[in-house]
Amino acid sequence: MLADEEKREINEELEKYDRKRAAASEALKIVQKYRGWISNESLDDIARYLDMTTEELDSVATCYNLIFRKPVGRHRIFICDSVSCWIMGYEQVLSHIQRRLGVELGQTTPDRRFTLLPIACLGACDKAPAMMVDDDLYVELSPTKVDEILDAYR
Amino acid sequence: MDKPLTQNIRPDREPLDIDQYERAGGYRALRKALHMSPLQIQQMVSASNLRGRGGAGFPTGRKWGAVPMGERARRPKFLIMNADEMEPGTFKDRLLLEGDPNQIVESIILSAYAVEADIAYIFLRWGYKLAARRVTKAIAQAYEKGYLGKNILGSPYSLELYLHTSAGRYMCGEEDGLLDALQGKRAIPRTKPPHSVTCGLWGKPTVVNNVETLANVPHIVNNGPEWFKSLSRTEDGGTKLYGASGKVTRTGIWELPMGTTLGEIFHEYAGGMINGHKFRGLLPGGASTQFMLEQHFDVKMDFTFPQQVGSRLGTGTIIVLDDKTCPVGMLLNLERFFARESCGWCTPCREGLPWIMRILEAMEKGEGRPEEVDILQEHTWLLQLGHTFCALAPGAVMPLESALKYFRDDFDQHIRRQRCPWR
């Protein structure tokens, strides 16, 4: 069952489109915001609400990389691995994060604090290397700077 | 030098709010346009030689001219601003979206009026959070002032404008992929024809234009096509947002006359290489363009001249390769991106890109075999335009094909020495 708050936010999205299913990706994002990730149950809840089959909605959920079909940590680190960041030494920043957190790309720390994920170009190439933590953009990264940034996310 | 697109943008300062924007001349173009017919605006845009700034360079006036108009057109008609800036090495639209959101909204209303669209969407990148906040505010203020909604400024014209944020994937920047994403489906290219201008979103006439393209429209309406053409140094009208990233002295975005030479962008604006690094080559407009070298520095960067030396303008944001960075490693980074972002719809792309990626990985690890350079070369033919549904794979082999031409010795060295010389 979708919560009232989830329904209210999805209804706002529905007003933007001709057809219900057009709100699929927004609905997935809304539910993910409240529940952290999209479980099979969440998928059923949303599909029913948008008059889609669960399979149809899953084809949408598994297409977009910002919809999580597995549990993730409290904070998501998206490290840009595209060309400008690569030239500017993103690999050093990445291996520093991996050592610090003890996880590989795609994994979550045992305390569920962080999930480390790769992301395509963040459009901050003039200040590479760049990453986002949840909704915040960080640029001109170095191992020291990364330590300061991650300390702030509990 | 006129800089219409960025005239209101000051680095590290809040953008103009709607009142300040109006005082700076904002929304004057819309008032003027509503006294003209949509076809008159289309003619102005055609006469201005504005070409699509998303990378393909299709003449904007010609695209709009293909939209069914008047009573017989199927409704609702849609106009979509493609703000899904995901081309690696490209960060120009971010500047416009964050720096002057009211200009963005006005340009959409005007352009929608020119094609008689009923509904407009901004398809925005997920990661552009600041842009989302600022554009949302600009839309709300435009509604309050009567620039959006029913009977705009008392005219018979009505328009609704919505912001849609993407859930990721490079494919959404491709026009058909974007339409699928907006309809709540997997992003997959469609067979053409029909083209989206006649059969797009939910099968209705739909115009999709890049952010920078549309941002020019208010200025064309205000100042006329002749003025717009005079901004450029070549036949393509207007200014262009050029940019640079990599190991150059100054990275950033600069609004310059269309047709500014590559050498000027590199030396005068990017300030050349940072100390201790030598220039080897550059991708002139994002990941899916062909390398250009020092011998190409006097090429005027518009939609025509780079093609004469086997490259293209693309998005106009250059990515510089230096002598301390391995060209094969750079290619591996690019092809890994394209392989990951392939939607898997057609075989050459789904199978070819991972194959290219594995060969480059092997070369970087010192396990490359001599015949594999030929296999890479073959892929540049196999994945070319006409063999695939969309431009993703053809774009992916552009840097590869040119790297094999210009940096062949680096590939051979990897194989001969069985290691990456840069590691």
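Each value in this text was obtained by applying a stated rule to the coordinates, not by laboratory testing. Given the structure is predicted, the values throughout are model-derived calculations rather than measurements. Because the Cβ atoms are built from the backbone with ideal geometry, glycine has one as well, and the counts that use them run over all protein chains shown.
Structure above, values below:
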read-out	value
Rule-of-thumb Rg ratio for the range B:193-265 [Cα; 2.2 N^0.38 Å; N residues]	1.47
Pairwise centroid distance, computed over Cα atoms, of the range B:94-134 with the range A:77-151, Å	29 Å
The range A:23-78 pair-distance distribution - Cα-Cα, 5 Å bins, rounded %	4, 21, 37, 24, 9, 4, 1
Relative contact order computed over chain B (Cα-Cα under 8 Å; 6+ residues apart), in percent	16 percent
For the range B:1-59, average projected area of the Cα convex hull in nm²	5.9 nm²
When the convex hull of its Cα atoms is projected in every direction, mean area for chain B (nm²)	19.6 nm²
For the range B:66-144, average projected area of the Cα convex hull in nm²	6.1 nm²
With eigenvalues of the C-alpha gyration tensor scaled by 5 and rooted, the range B:327-416, Å	22, 12, 11
Cβ neighbours within 10 Å from other chains - mean over A:87-97	2
Helix B:217-230 vs. chain B, principal-axis angle (Cα, 0 to 90°, nearest 10)	60 degrees
In degrees, nearest ten, helix B:129-144 long axis to first principal axis of chain B (Cα)	10 degrees
For B:335-343, mean number of other protein chain Cβ atoms within 10 Å	2
Diffusion constant of the range A:75-151 at 4 °C, which comes from Stokes-Einstein with the Kirkwood Cα-pair radius and 1.567 mPa s, µm²/s	107 µm²/s
Averaged over B:91-102, number of beta-carbon atoms from partner chains that fall within 10 Å	2
Cleavage-rule hits, GluC sites (Glu not before Pro), the range B:1-91, DSSP coil, Cβ neighbours within 10 Å at most 16	B:71
Over 23 Å (Cα to Cα) - which of A:29/A:70; B:77/B:192; B:129/B:300 fall in this group	B:129/B:300
B:165, A:54, B:213 arranged by Cβ crowding within 10 Å, fewest neighbours leading	A:54, B:165, B:213
Gaussian network model of chain B, Cα within-10 Å springs - most flexible of B:49, B:223, B:210	B:223
Long-range Cα-Cα pairs in the range B:243-346 (distance over 20 Å), rounded percent	38 percent
All-pairs Cα distance distribution in the range B:18-230, expressed in whole percent, bin size 10 Å	9, 37, 40, 14, 0
The range B:327-416: relative contact order in percent, alpha carbon pairs under 8 Å with at least 6 residues between	36 percent
Scaled radius of gyration (Cα, divided by 2.2 N^0.38 Å) that the protein assembly as shown gives	0.95
Compactness relative to 2.2 N^0.38 Å, alpha carbon Rg of chain A	1.17
Square roots of five times the Cα gyration tensor eigenvalues for the range B:288-354, Å	26, 17, 9
Loop-exposed GluC sites (Glu not before Pro) per DSSP, neighbour cap 16 Cβ within 10 angstrom, longest uninterrupted part of chain A	A:16-103
Separation of alpha-carbon centers, the range B:370-387 and the range B:195-228, rounded to whole Å	36 Å
Inverse of mean 1/r across different Cα pairs in the range B:1-123, Kirkwood, Å	15.8 Å
